[in-house]
Amino acid sequence: MSHNPHLPQALYDYLVAHNPPADPLIEDLVEETAAMGNIRSMQVGVEQAAFLGFMVRLLSARFVVEVGTFTGLSGLAMARALPEGGRLLCCDVSEEYTSVARRYWKRAGVADRIDLRIAPAVETLRALPDDRSVDMAFVDADKENYPLYYEELVRRLDPSGVIIADNLFMNGGVVDPEPPPAALAMTDFALRLQADPRTETVIIPIGDGFSITRLADG
Ligand SMILES: C[S@@+](CC[C@H](N)C(=O)[O-])C[C@H]1O[C@@H](n2cnc3c(N)ncnc32)[C@H](O)[C@@H]1O
């Protein structure tokens, strides 16, 4: 099904084979997204989806925010992991991509715990209550705006909460001698995370690289 540009295929297959198994619903979603052409690469890997679900359970997260939903795999994994009464807020600008997500969420029986807002994510985030109610956030949208999303999320993060962002490696572009603009933006973001005294961040090499941020005094 998926692959990972940073791992030899055999090792990636081994990783997936020894992780929680993907069910037919996930396999169908990956296959349908693959049929959409090059944009398929926007989808998180199945191992990243499994990790996100794991984190929701680990944190007992009740309110999760996703920035960048696409066809819904990461949202599906996180929504499935929510406890009774838990909510997932999904932000995206595309009715077209998220119409696929909606179908799969319905099939999975989790549509009623997901609020999908079609608008620039920064608007949706700024409209959230100014309290520390976000237990977990996953950022996977336009790279140049990661710092904006981060600021809106940090100020709303529960003391035990976590912000995860994707594509810290930008497919290797961050170490390219002539990095493309989105890779430069990502390196700026990584430096910002590293220097932020309010938070502690680690970057882990799963998929295209996740940053995981918690409040320093959390
Ligand atoms: C990398 S994809 C997300 C992949 C998704 N997490 C998954 O598991 O398949 C990025 C998504 O961000 C959305 N996006 C781009 N710019 C945005 C913005 N300013 N606000 C909200 N969503 C945006 C795109 O429409 C696209 O669906």
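The values are calculated or read from the model by the stated rules, or taken from the named source; none is laboratory data. Since we're looking at a predicted model, the values are computed, not measured. All Cβ positions, glycine included, derive from the backbone under ideal geometry; neighbour counts span all protein chains shown. With ligands, DNA and RNA removed, areas are computed over all heavy atoms of the protein, side chains included. Shrake-Rupley method; radii C 1.70, N 1.55, O 1.52, S 1.80 Å.
Count of region 175-218 residues, restricted to those that are hydrophobic (A, V, I, L, M, F, W, C) and open to solvent by 40 Å² or more (accessible area, probe 1.4 Å), is 8. The single residue among MET170, MET186, MET136 that is within 27 Å of LEU29 (Cα to Cα) and out of contact with any strand residue (DSSP E or B) (no Cβ under 8 Å at 6 or more places or on another chain) turns out to be MET170.
State whether the residues of region 6-13 include one that is over 15 Å from ASP166 (Cα atoms), within 12 Å of the ligand (Cβ to nearest atom) and in contact with a helix residue (DSSP H, G or I) (Cβ under 9 Å, 6 or more places away or on another chain). Before you say what the answer is, go through the steps one by one.
Filtering region 6-13 for residues over 15 Å from ASP166 (Cα atoms) gives 7-13.
Checking which are within 12 Å of the ligand (Cβ to nearest atom) leaves us with none.
The answer is no; no qualifying residue exists.
Selection of helices (runs of 4 or more DSSP H) fully inside region 25-144 by the criterion of at least 1 residues being open to solvent by less than 50 Å² (accessible area, probe 1.4 Å), within 9 Å of the ligand (Cβ to nearest atom) and among the hydroxyl-bearing types (Ser, Thr, Tyr) returns 73-81, 95-108, 121-126.
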